[in-house]
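*Asks:* Have a look at this one.
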Amino acid sequence: MPLLSTFELTKRYPGGVTALDGLTLELEPGIIGLVGANGAGKSTFLKIMLGLLAPTSGSLVVLGIDATRNGPELRQFLGYIPEFDCLPPDQTAADLVTHMARVSGLPATAARERAAEMLRHVGLYDERYRQIGGYSTGMKQRVKLAQALVHDPKLLLLDEPTNGLDPAGRADMLDLIRRTGHEFGIGVIVASHLLSEIEQVCDFLVAIDAGHLLRAASIETFTRETELLVVEVVGDSEAFRQSLVAKGLAARAGVGGSILIVLGDGSPFDVVRDTAAEMGVGLMRVARRRDRLEDLFQAAPAGAGGATNAAA
Amino acid sequence: MPQPEPAAGAIYDIGYQHYDGKRLGRAGAVRALYFHGLRTVFGIGRGGRAKIPPIALIAIMVIPAVIQAALAGLGNGQIQVFTHEGYFRTTVWIFGLFCAFQTPELVTGDQQYRVLALYFSRAVLRSDYVLARVGALATALFIVALLPHFVMLMGDYFAAEHVGEAIRKSLPMIPRILGAAFAIAVLLATVSITISAIIRRRPFATAAILALFLLASAFVAPLVMSRPDKMRYLVLASPMMVGDGLTTWVFDTTTVRPPVDTTEWVPLPPLAPGADSAAIAARRAEMRRRFRRRRPSVLETANLPGVVYLATTVGLILLGAGVLTLRYRSIET
């Protein structure tokens, strides 16, 4: 059973804004990154997954349950972390997580036990009787994770989970996400605008822009395609680039006369060296660099039709 | 990616346990919200200071009943200072304070701190949330409203020579006590939750509830008294007067009150500057006569049939339910 499958999923808001436009996807269990710029439709997609927002057209099946019709039933098996602050400051973490466990349908005793267990998992066991108002942003984020996991969901939805965290907090959060997906065996969908972050934990990436599916591919594919070789030469840069293209390399002009070569499968290093020797230009810089997400979106638009990670 | 320190790693490595016990679904979720709300109203689970207002108000609420119970013991059940039918009117301001201080806590925080996003990502529907919160406050008010009646009944039973007979005598009273308490609890709960949900900030919600529950009657009363023929329906603008009218009706359905002669209360025309002593004496006599007669209450002056209060109660509850539905449907989470 796929974790999630959509067909021609479209959401238009009354104001005429199209948040999702004909999204067709099929995702297998794992940690899935949902990347896109702010306003790309990530949060809308998550809310439709939760059954909180009705799509304008199309279908969405999550965990084998129709999300557009059976929201309450589906939500029993989902955990959700909103991107904004959503914790009452005057409650202790233990009380809040226990309460949320009960609201998730767990009996009282099980709720208490699992709340303590989850707070231990996220590393807040010693602080669990303190009021949340006194917590740091990182600690609050962990409480949000604990309350989302307390009822042992089958799928965890995270909206910008590293927002507002310092580098150490980000690392901790990403580690917890990785453990949730790989050790706890819970499906995870992480929405983020920071590719560099979620690519550290994801098995599969879905990139959307303005409601359209740009790419859906395994993380290896993405990594291969976003890795670039930056070459700077002393001499005629443009002539050098053209002779590289003539030798079959995907070389394009970068800023300030630099040349960007998609690394891909091949190894362009020898070709660059030999060409430089032939033309007598001096190599000033040869360095690996990661392409920015936006560049990738422009360089590789989505193919027609649907995408699946079944083979990933 | 830095590795966690060994100590932290050791804590993490206890391992994740999947849960395969019972799941109570949507019904369990609503129950959890309801009981959580009930605890919140009484300040349970919110630290020591949160318990002071509800406990103090309940204590003040019961004091007249305790006095009445003591008097019943002293006077062999003959002395009646506080009655079942008049208790709501005596304690209206306590109900007002209780609603004003305990209601906003139930719903404003969930909106202000966006906890609703967590609730609505569960099996809970928006209407479930509203029902659970109103139900929790109504239950709390029902308990608070019943407590003094219970104390007075116990006072009567203990004072009586024949307990059995005292209980039998009080039996017709019991469904009325329950009915009036229930109606008032649902009415005040719906109205004060609606106000809090719309206003969203605790201090302002408290002020608004105080204004509607306590100031409205003070504002309306002189208007009704001055022009009973035209202004009588204004009593329905005060939820507390509606509750009072309903209570009076529930406890006294059989008696039809004779209409009060309101012409009595029209102010006397001013005396002419040069009035003689006979006129002044007549004026004094009239004043004394009027003073000896009990001034009718606002509700007696308005003299509306009980059904009007019942219909207004039901109407206000339905209106509140409608407003709450719209309000919570419009909240984005």
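*Asks:* Please report, as a whole percent, how much of the solvent-accessible surface of the stretch A:225-292 comes from carbon and sulfur atoms (probe radius 1.4 Å).
*Replies:* Numbers: 1940 of 3690 Å².
Exposed carbon and sulfur together represent 53 percent of the surface.
*Asks:* Search the structure for amide H atoms under 5 Å from the amide H of A:L263, placed 1.01 Å from N in the peptide plane, and list their residues when 5 or more places away or on another chain.
*Replies:* Answer set, sorted by chain and number: A:E227, A:L228, A:L229.
*Asks:* Then there is this: Averaged per residue, what accessible area in Å² does the stretch A:225-292 show with a 1.4 Å probe, protein chains only?
*Replies:* Values: 3690 Å² over 68 residues.
Heavy-atom SASA per residue in the stretch A:225-292 reads 54 Å².
*Asks:* How high is the relative contact order of chain A, in percent, counting Cα pairs under 8 Å that sit 6 or more residues apart?
*Replies:* Over chain A, the number comes to 21 percent.
*Asks:* Averaged over its residues, how many other protein chain Cβ atoms are within 10 Å of peptide A:97-103's Cβ atoms? Walk me through the numbers before you get to the answer.
*Replies:* On the way: counts 0, 2, 9, 6, 2, 9, 15.
For peptide A:97-103, the averaged partner shielding equals 6.
*Asks:* Helices from chain B with mean Kyte-Doolittle at least -0.5 and a Cα length along the axis of 20 Å or more, per DSSP H: which?
*Replies:* Numbers: long enough: B:25-41 (24 Å, 0.25); B:52-74 (32 Å, 2.21); B:87-112 (36 Å, 0.25); B:126-159 (50 Å, 1.22); B:173-199 (39 Å, 2.12); B:277-292 (23 Å, -0.82); B:306-329 (35 Å, 1.35).
Flagged H segments are B:25-41, B:52-74, B:87-112, B:126-159, B:173-199, B:306-329.
*Asks:* Continuing with the same structure: Which listed residue (B:A166, B:F204, B:L188) has the Cα farthest towards the positive end of the charge dipole for the stretch B:157-205, taking +1 on Lys and Arg C-beta and -1 on Asp and Glu C-beta about the Cα centre?
*Replies:* B:F204
*Asks:* Here's another thing I want to ask about it. Accessible area of chain B with a 1.4 Å probe: how many percent of it is carbon plus sulfur? Mind dumping the intermediate values first?
*Replies:* Values: 11600 of 17410 Å².
Roughly 67 percent, rounded to a whole number.
*Asks:* For chain A, find the longest principal axis of its Cα atoms and tell me its angle to the long axis of helix A:137-149, 0 to 90°, nearest 10.
*Replies:* Relative to chain A, helix A:137-149 is tipped by roughly 70 degrees.
*Asks:* Write down the accessible area per residue of the stretch B:59-112 in Å², having rolled a 1.4 Å probe over the full set of protein chains. Display every interim value, and only then the final one.
*Replies:* Details: 2180 Å² over 54 residues.
On a per-residue basis, 40 Å².
*Asks:* With the dipole of the stretch A:225-292 worked out from charges on the C-beta (+1 for Lys and Arg, -1 for Asp and Glu) around the Cα centre, which of A:G257, A:S243, A:S267 lies farthest toward the positive end?
*Replies:* A:G257
*Asks:* Hey, another quick one. How big is the A/B interface in buried accessible area, both sides summed, 1.4 Å probe, to the nearest 100 Å²? Mind dumping the intermediate values first?
*Replies:* Working: alone 14350 and 19400 Å², together 29910 Å².
That pair of chains buries around 3800 Å² in total.
*Asks:* Under the rule a/c < 1.5 gives rounded, and otherwise a/b versus b/c splits prolate from oblate, where does the protein assembly as shown land using the Cα gyration tensor?
*Replies:* On the way: a/c = 3.46, a/b = 2.57, b/c = 1.34.
It is prolate, given that a/c is not under 1.5 and a/b is the larger ratio.
*Asks:* Relative to the longest principal Cα axis of chain A, at what angle does helix A:167-182 sit, 0 to 90 degrees, rounded to 10?
*Replies:* The helix A:167-182 is inclined about 70 degrees to chain A.
*Asks:* So how exposed is A:E83, as accessible area in Å² (1.4 Å probe, rounded to 10)?
*Replies:* 80
*Asks:* Ignoring the sites themselves, what is the longest stretch of chain B with no GluC sites (Glu not before Pro) in a DSSP loop and at most 13 other beta-carbon atoms within 10 Å? Before the final figure, lay out the partial values.
*Replies:* Details: sites that count: B:E161, B:E332.
The longest such stretch corresponds to B:162-331.
*Asks:* Taking amide H atoms as placed 1.01 Å from N in the peptide plane, list the residues 5 or more away in sequence, or in a different chain, whose amide H sits under 5 Å from that of A:H212.
*Replies:* Those lying under 5 Å, H to H, from A:H212 are A:D21.
*Asks:* Give me the inter-chain shielding for A:66-78: mean count of other chain Cβ atoms within 10 Å, whole number please.
*Replies:* On the way: counts 0, 0, 0, 0, 0, 3, 8, 3, 1, 7, 8, 2, 3.
So the per-residue partner count for this stretch is 3.
*Asks:* While we're looking at this one, here's another question. With chain A treated as a Gaussian network of Cα nodes joined by springs under 10 Å, which of A:P167, A:P82, A:P14 yields the largest mean-square fluctuation?
*Replies:* Of A:P167, A:P82, A:P14, the most mobile in the Gaussian network model is A:P14.
*Asks:* Looking at the stretch A:51-65, which residues lose a minimum of 20 Å² of accessible area between their chain alone and all protein chains in place, measuring with a 1.4 Å probe and not counting ligands or nucleic acids?
*Replies:* Listed by number, the residues meeting the 20 Å² cut-off are A:L52.
*Asks:* Beyond 21 Å between alpha-carbons counts as too far, so tell me which of A:K144/B:K51; A:K47/A:K154; A:K11/A:K154 fall in that bin. Walk me through the numbers before you get to the answer.
*Replies:* Details: A:K144/B:K51 28 Å; A:K47/A:K154 17 Å; A:K11/A:K154 25 Å.
Violating the 21 Å limit, Cα to Cα: A:K144/B:K51; A:K11/A:K154.
The values are calculated or read from the model by the stated rules, or taken from the named source; none is laboratory data. Just so we're clear, the structure is a prediction, and the values are computed from it rather than from any experiment. We place every Cβ from the backbone using ideal geometry, glycine too, and count neighbours over all the protein chains shown. Note: accessible area is taken over every heavy atom of the protein model, side chains too, but ligands, DNA and RNA are not part of it. Shrake-Rupley method; radii C 1.70, N 1.55, O 1.52, S 1.80 Å.
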